[in-house]
Structure formats: structure tokens, C-alpha cells
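FYI, it's all coordinate maths here, none of it is from the lab. Because the structure is a prediction, the values reported are computed rather than measured.
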Amino acid sequence: MLKSFSDTITPVTSEKWNKLDQIGRIKLITTELKKNKLYDGFEVVEAPDNGQIVLKIERLIPANERGLMLLELEEKLKSSLDKGISVWCEPVGDKSKLRNLRGIKFN
């Protein structure tokens, strides 16, 4: 990691983005997601005015593919909608049936 990265100013959302209500922002993002079949099963949970979009992914994507896919999606959203957007995934609980049967829970 280069020290110069720490001095870089973080992009903020535009006034146009901030003027939209959450429903309008969700519609914009959903329209962009529908343009590419790669993002089938992606649902926008939150789209606040600070640009931190939370997505829920309804299908299983291997971890080695998911990270790059989300980075590419973020770049597309930044270039087409607003430079201040960042993409986050909704946390998913433990899906292991064996651990659930044994009563092990992770906090």
C-alpha cells in the first residue's frame, strides 16, 4: 500500500444524487442492474444519500468470483450514476446445516 493512497480525497455523492429520495435511487440502481444478466438475483436493500449502497444477493456466487464481480459493478455504477457510490453486501448468516444441527452459533 502506498502512502499517497491515504492522502487521496474520497469521492462524495453529487447534489443530483442527494436530491433523489431513497426510492428514486433504488430505481436507478435496479435499472442499471437489469442491463446485465450477470447481476440477476441482485436486489438493492438500501441506497442512502451518502452513496453506500447495500445489495442482497439471492444466488450463490463463489467467493473468488464475487469480489471481482462487485468491484466491476461498483465501477459501472460510479461511471453511469454517481462517482460517490460504494457497494456493500448484506451480511448472510451461516448456512451450514451441520453446524446448525450441533447448535453452534457465531456472533
Under-5 Å amide H pairs with Cys89, H placed in peptide plane, nonlocal only: Leu55
Average Cα contact separation per residue, the stretch 24-96, under 8 Å, 6 or more apart, as relative contact order %: 29
